[in-house]
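Read through the structure below, which is laid out as structure tokens, and then see the notes.
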Protein chains: 2
Amino acid sequence: MEIITKPETETLFSNGINRIPVSFIREILKVTADPEMISFAGGLPNPALFPVEEIKNATIEILQKEGGNILQYAETEGFYPLREYIASRYQKRFNLEISPEEILITNGSQQALDLIGKVFLNPGDRVLLEKPSYLGAIQSFSFYQPEFLTIPMENDGPDMEKLNESLSLNCPKFFYCIPNFQNPSGITYSDSKRKRISETVIKNNLLLVEDDPYGEINFSGENLPPLKSQVGNRGILLGTFSKIVAPGLRLGWVVAEKSIIRQLVRAKQASDLHSNNLSQRVIYQYLLQHDLEDHLNKLRFNYEAQCTWMLSAIKKYFPKQISYTEPKGGMFIWGKLPKGYSAMDLANETIKEKVVFVPGNTFFVDGDGENTFRLNFSNTDKATIEKGIKIMGAILDRFLEGD
Amino acid sequence: MEIITKPETETLFSNGINRIPVSFIREILKVTADPEMISFAGGLPNPALFPVEEIKNATIEILQKEGGNILQYAETEGFYPLREYIASRYQKRFNLEISPEEILITNGSQQALDLIGKVFLNPGDRVLLEKPSYLGAIQSFSFYQPEFLTIPMENDGPDMEKLNESLSLNCPKFFYCIPNFQNPSGITYSDSKRKRISETVIKNNLLLVEDDPYGEINFSGENLPPLKSQVGNRGILLGTFSKIVAPGLRLGWVVAEKSIIRQLVRAKQASDLHSNNLSQRVIYQYLLQHDLEDHLNKLRFNYEAQCTWMLSAIKKYFPKQISYTEPKGGMFIWGKLPKGYSAMDLANETIKEKVVFVPGNTFFVDGDGENTFRLNFSNTDKATIEKGIKIMGAILDRFLEGD
């Protein structure tokens, strides 16, 4: 029995599950288990920068201090002092008043995206996305069968004319955006765009789902204020420890006003009861005893160096027809082949020579972006970056031949 | 702004989210944060029995050995050697051949229930439940808006006549059951019922979702073979480390044939990418170095003692009109007030005197079970059991007065 069919249903599986696009990135993570493969795919942070010793010591201390209680079932909302810590950090960084009751701890940001879909979306509801947008969000939302609308992006954020036009024609449930070092495009919203979007959100009584995994990986160290500080209760803000401490702990959070948090908690209770208690207690212990700013400075310094190495290699080895971004933060460089070329075809060539990256069309819901691609620089050392980009450059020379 | 309303939608929130029943148990867990409250609610294992030292040592060892890699993103399917361990245990206990590829690691069994809803259920699909059934499953499935059908339970399992009658009239997507020490009723299926149900499942080409959190907490130590060994690919079997090691690690699993696992993986990818990597590596390290059987024997010995203390106290203090089960495993005693009495009213009385338990109607989808209640014995010591049951007994004497 491969597939069981039921008399009254066309297929065994739900309508929603068939709507989730397969992740090229997750599939590629399997390919990259090959130790010889040079991977610029994935969005993996650099494991050499994880605070392994500190996490180990925090685990020992907290288990010694608290014993079995931290291995017990716990509250759906998350560990209260960890929520207090997150709230106080928004206060410190942005003078943003958030109560711990407005924070829910999730299994990474990915779960926050899923819970938002669960709480807000009925089939056919409209969701506004940046074009391109984050694949993980597209996957999470897709299950709930919304209609996606997309807003083209300019260098400083969404095309406001198109945004206002779309809002006048449609009534989306929410606008999902990544204002800082967007994945995949690397775009960061300008101050003036932030202001205009906030005004639009308020005027249209729109919900804003603001995903901010990369805001703290700003090479300059400058704080980029969330749109939530301007849109108040209309803003749902997502954060994560995945990029700033370690993703294997699966700890993210949602900030939203209490009536929304109540529904997210209800959804989370039905989804998995609560987030990992050991991880929550360990990370809180780690944060108590270490200044996160020191760690972030180290991350920024290293990621900026990795980014610079990749940009230098690109300048040296890529043919001139390739355009690309020069990011000031985050983890990605976004490139474009000349029109008419397919980055998927390119990936098929580079994989043969053991280099892998993500073709950009995976970040578009409308089939566009065939000539775009995303390179990750955070999980590779200098020599490997040089080697991989050199291989890609040679393949690109052949690939674009005659252009 | 308490609730934002959109012109085109009646409410801001999804249809599914409004279908999830609120958990009396999770709400009660908040009440029981009061240290003076004696709780027979919750389904909490005894934290004094968690292998705290062993978990601590396993964490130290694995972080020393593997460094940052175990804090990195990981595969959606789960850590392969942990899946091998689980497969080999089914082989050892039941001679059941399962490949690691037929196992997906989840954030506790609760996530497995949610993913099953996500993968199989469209609104209006029928789901067959035992009556009563596990609240967490009712919550998970409810989001997906199925129609619930229920099968009355006899002392040795489902009423077969009613089961066959229901199957001849309806075409449920699956039958969800807990064959060992069911939560809440404590019922364990007899061998002959297992056989008859398996035949029915095969004959009707039905999917069987078999949840087995308590099978290993059999006081006698005897292994109770899963129905999956009889129904083959039609069986989806759920297991968890929550009751046999520690729930705070949030590690459960699903066993299913590969085409179903593929869809569950797709759903999990969209839901939270993957389970906690640190927890998976720590528990695997713990299992490598310790014989789980020794730990299970300790659990069985202690839970049997706790159960016996509670039964003795009930015999001593409860009025004769109260009927109750005498479990041979699991974590719960299931009681009944005389017809016409409400266990919810009783709970309101006992909470005033700082004793709490779960009124049984929360486990029924059809409003029945008003006179039933569930007592948990696994998370309370002898003196507290004696004290709490004595208080309940005195309240029951007044409560049933004149009956």
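Pull out all pairs, ordered by first then second residue, where Cβ-Cβ is under 6 Å, the residues are six or more apart or on different chains, the first lies in segment A:45-72 and is of a type in the set (S, T, N, Q), and the second is open to solvent by less than 10 Å² (accessible area, probe 1.4 Å).
Pairs found: A:Asn46/A:Ser378; A:Thr59/A:Val282; A:Thr59/B:Thr59; A:Gln72/B:Gly248.
Looking at segment B:46-61, which of the residues that are surrounded by 21 or more Cβ atoms within 10 Å (Cβ to Cβ) and part of a helix (DSSP H, G or I) is farthest from the other protein chains (Cβ to nearest Cβ)? Lay out the reasoning, then the answer.
Step one: of segment B:46-61, the residues surrounded by 21 or more Cβ atoms within 10 Å (Cβ to Cβ) are B:50, B:55, B:58-59.
Applying the additional criterion that residues be part of a helix (DSSP H, G or I) yields B:55, B:58-59.
On the way: B:Ile55: 7, B:Ala58: 10, B:Thr59: 5 Å.
Checking each candidate, the answer is B:Ala58.
Can you tell me which condition A:Ser39 does not meet? The list is (1) modelled with pLDDT of 90 or more; (2) facing chain B (nearest Cβ under 10 Å), and all the others hold.
The failed condition is (2).
Which is part of a helix (DSSP H, G or I) and within 14 Å of another protein chain (Cβ to nearest Cβ), of A:Gln269, A:Gln306, A:Gln230?
Values: A:Gln306 fails: within 14 Å of another protein chain (Cβ to nearest Cβ); A:Gln230 fails: within 14 Å of another protein chain (Cβ to nearest Cβ).
Just one listed residue meets the conditions, A:Gln269.
What number of residues within segment B:262-286 are of a type in the set (A, V, I, L, M) and open to solvent by 10 Å² or more (accessible area, probe 1.4 Å)? Walk me through it before giving the result.
The first filter runs over segment B:262-286 and keeps only residues of a type in the set (A, V, I, L, M), leaving B:264-265, B:267, B:270, B:273, B:278, B:282-283.
Among the residues that remain, those that are also open to solvent by 10 Å² or more (accessible area, probe 1.4 Å) are: B:265, B:273.
Qualifying residue count, segment B:262-286: 2.
Restricting attention to segment A:84-106, which residues are within 14 Å of chain B (Cβ to nearest Cβ) and surrounded by 17 or more Cβ atoms within 10 Å (Cβ to Cβ)?
Hits for segment A:84-106 are A:Glu102, A:Leu104, A:Ile105, A:Thr106.
Within segment A:336-345, how many residues are closer than 13 Å to A:Met392 by Cβ and either open to solvent by 20 Å² or more (accessible area, probe 1.4 Å) or touching a Gly at 6+ places or on another chain (Cβ under 8 Å) (or both)? Please lay out each step first, then the result.
Just the residues of segment A:336-345 that are closer than 13 Å to A:Met392 by Cβ, to begin with: A:337, A:343.
Among the residues that remain, those that are also either open to solvent by 20 Å² or more (accessible area, probe 1.4 Å) or touching a Gly at 6+ places or on another chain (Cβ under 8 Å) (or both) are: A:343.
Total meeting the criteria: 1.
Among what's in segment B:272-297 and is hydrophobic (A, V, I, L, M, F, W, C) and over 17 Å from B:Pro81 (Cβ atoms), pick the residue that is nearest to the other protein chains (Cβ to nearest Cβ). So that I can check it myself, show each step before the final result.
Looking only at segment B:272-297, we keep the residues that are hydrophobic (A, V, I, L, M, F, W, C), and these are B:273, B:278, B:282-283, B:287-288, B:292, B:296.
Within this subset, residues satisfying the condition of being over 17 Å from B:Pro81 (Cβ atoms) are B:273, B:296.
Working: B:Leu273: 5, B:Leu296: 16 Å.
If we take residues in segment B:272-297 being hydrophobic (A, V, I, L, M, F, W, C) and over 17 Å from B:Pro81 (Cβ atoms), then B:Leu273 is nearest to the other protein chains (Cβ to nearest Cβ).
Just the residues that are of a type outside the set (S, T, N, Q) and not in a strand (DSSP E or B), please, taken from segment B:333-344. Working first, answer last.
Taking segment B:333-344 as the starting set, the residues that turn out to be of a type outside the set (S, T, N, Q) are B:333-341, B:343-344.
Residues satisfying the conditions are B:Leu337, B:Pro338, B:Lys339, B:Gly340, B:Tyr341, B:Ala343, B:Met344.
Residue by residue through segment A:69-82, note down the ones that are part of a helix (DSSP H, G or I) and open to solvent by less than 10 Å² (accessible area, probe 1.4 Å). Don't jump to the end; show me each part of the working.
First pass over segment A:69-82, keeping only residues part of a helix (DSSP H, G or I): A:69-71, A:80-82.
Within segment A:69-82, A:Ile70, A:Leu71, A:Leu82 meet the criteria.
With the condition being free of Cβ contacts under 8 Å to residues at least 12 places away in the same chain and surrounded by fewer than 18 Cβ atoms within 10 Å (Cβ to Cβ), I'd like the helices (runs of 4 or more DSSP H) fully within segment A:127-209 carrying at least 2 qualifying residues.
On the way: elements: A:135-142, A:160-169, A:191-203.
Hits in segment A:127-209: A:160-169, A:191-203.
Would you check if there is a residue in segment A:314-332 being open to solvent by less than 10 Å² (accessible area, probe 1.4 Å), touching a Ser or Thr at 6+ places or on another chain (Cβ under 9 Å), part of a helix (DSSP H, G or I) and in contact (Cβ under 8 Å) with a residue 24 or more places away in the chain?
Within segment A:314-332, not a single residue is open to solvent by less than 10 Å² (accessible area, probe 1.4 Å), touching a Ser or Thr at 6+ places or on another chain (Cβ under 9 Å), part of a helix (DSSP H, G or I) and in contact (Cβ under 8 Å) with a residue 24 or more places away in the chain.
Which residues, counting only those in segment B:346-379, are hydroxyl-bearing (Ser, Thr, Tyr) and open to solvent by less than 10 Å² (accessible area, probe 1.4 Å)? Talk me through it step by step, then tell me what you get.
Step one: filter segment B:346-379 for residues hydroxyl-bearing (Ser, Thr, Tyr), giving B:350, B:362, B:372, B:378.
Within segment B:346-379, B:Thr350, B:Thr372, B:Ser378 qualify.
Among the residues of segment A:210-227, which ones are in contact (Cβ under 8 Å) with a residue 40 or more places away in the chain, closer than 18 Å to A:Leu113 by Cβ and not in a loop (DSSP other than H, G, I, E, B)?
The answer is A:Asp211, and nothing else.
Quick one: how many residues across segment A:107-124 are under 17 Å from A:Leu273 (Cα atoms) and more than 8 Å from every other protein chain (Cβ to nearest Cβ)?
Narrowing segment A:107-124 to residues under 17 Å from A:Leu273 (Cα atoms): A:107-116, A:118-119.
Among the residues that remain, those that are also more than 8 Å from every other protein chain (Cβ to nearest Cβ) are: A:109, A:112-113, A:115-116.
Summing the residues that are under 17 Å from A:Leu273 (Cα atoms) and more than 8 Å from every other protein chain (Cβ to nearest Cβ) in segment A:107-124 gives 5.
If I ask for residues that are assigned to a helix (DSSP H, G or I), touching a residue at least 40 places away in the same chain (Cβ under 8 Å) and under 20 Å from the mean Cα position of the chain (by Cα), which ones from segment A:345-403 would you list?
A:Gly360, A:Thr362, A:Phe363
Given the conditions (1) more than 29 Å from A:Thr59 (Cα to Cα); (2) surrounded by fewer than 24 Cβ atoms within 10 Å (Cβ to Cβ); (3) modelled with pLDDT of 95 or more, report the number of the one that B:Leu224 does not fulfil.
Going through the list (1) more than 29 Å from A:Thr59 (Cα to Cα); (2) surrounded by fewer than 24 Cβ atoms within 10 Å (Cβ to Cβ); (3) modelled with pLDDT of 95 or more, B:Leu224 breaks only (3).
Considering only segment B:259-273, state which residues are free of Cβ contacts under 8 Å to residues at least 24 places away in the same chain and either outside the structural domain of B:Leu113 (by TED's automatic domain parsing) or over 20 Å from B:Leu207 (Cα atoms) (or both).
B:Ala270
Among the residues of segment A:101-126, which ones are without any contact (Cβ under 8 Å) to a residue 40 or more places away in the chain and within 17 Å of A:Gln263 (Cβ to Cβ)?
Correct list: A:Gly117, A:Asn122.
Would a scan of segment A:221-237 turn up a residue that is closer than 23 Å to B:Ile17 by Cβ, of a type in the set (A, V, I, L, M, F, W, C) and within 16 Å of the chain's Cα centre (by Cα)?
yes
Which one of these does A:Asn164 not meet: (1) of a type outside the set (Lys, Arg); (2) modelled with pLDDT of 95 or more; (3) touching a Gly at 6+ places or on another chain (Cβ under 9 Å)?
Failing condition for A:Asn164: (3).
Restricting to segment A:242-256, name every residue that is more than 7 Å from chain B (Cβ to nearest Cβ) and either open to solvent by less than 10 Å² (accessible area, probe 1.4 Å) or among the basic types (Lys, Arg) (or both).
As a first pass, look at segment A:242-256 and keep what is more than 7 Å from chain B (Cβ to nearest Cβ): A:242-245, A:251-256.
Hits for segment A:242-256 are A:Ser242, A:Lys243, A:Ile244, A:Val245, A:Leu251, A:Gly252, A:Val254, A:Val255, A:Ala256.
The values are calculated or read from the model by the stated rules, or taken from the named source; none is laboratory data. This is a predicted model, so every value here is computed, not measured. Cβ: placed from backbone, ideal geometry, glycine included. Neighbour counts: every protein chain shown. Heavy atoms of the whole protein, side chains included, go into the accessibility calculation; ligands, DNA and RNA do not. Shrake-Rupley method; radii C 1.70, N 1.55, O 1.52, S 1.80 Å.
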